[in-house]
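A short reminder: the numbers here are calculations on the coordinates, not readings from a lab. Since we're looking at a predicted model, the values are computed, not measured. Cβ: placed from backbone, ideal geometry, glycine included. Neighbour counts: every protein chain shown.
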Amino acid sequence: MLLDVAAVKGRWLDAGEGVMPEDLEAAEKAQGVRVEPGDILLVRTGYYGRRRAEGRAQPGQGRLASGARRVAAVDPRALGRDARAPTLTTT
């Protein structure tokens, strides 16, 4: 399942801007879906759109920030995002 956080926000996420639980919930609502245990979850942050437009990478863009707790509670089988390296931060 793809949760398109960038589309819901109407823009890409900025460097250092994390994906929050409310972002994930807003994407679910906008798309009419609900992440369930065992799903493969992909989160779109707009990373590559920004990279194409600006010609450089933005470290830290789209970290799952406190959204990681929300994701962990759902227990997906796998998690990915459109950024250079997956980063989960639970603090």
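Between the listed residues A30, L42, G55, the Cα displaced farthest toward the positive end of the dipole of the range 2-81, a dipole computed from Cβ unit charges relative to the Cα centre, is found at G55.
Could you give the size of the charge dipole of the range 2-81 about its Cα centre, using +1 on the Cβ of each K and R and -1 on the Cβ of each D and E, expressed in debye and rounded to the nearest 20? List each step's numbers first, then the result.
Numbers: 14 positive and 11 negative charges, 67 e Å.
With Lys and Arg at +1 and Asp and Glu at -1, about 320 debye.
One compactness figure for the range 2-81 is 1.05, namely its Cα radius of gyration divided by 2.2 N^0.38 Å.
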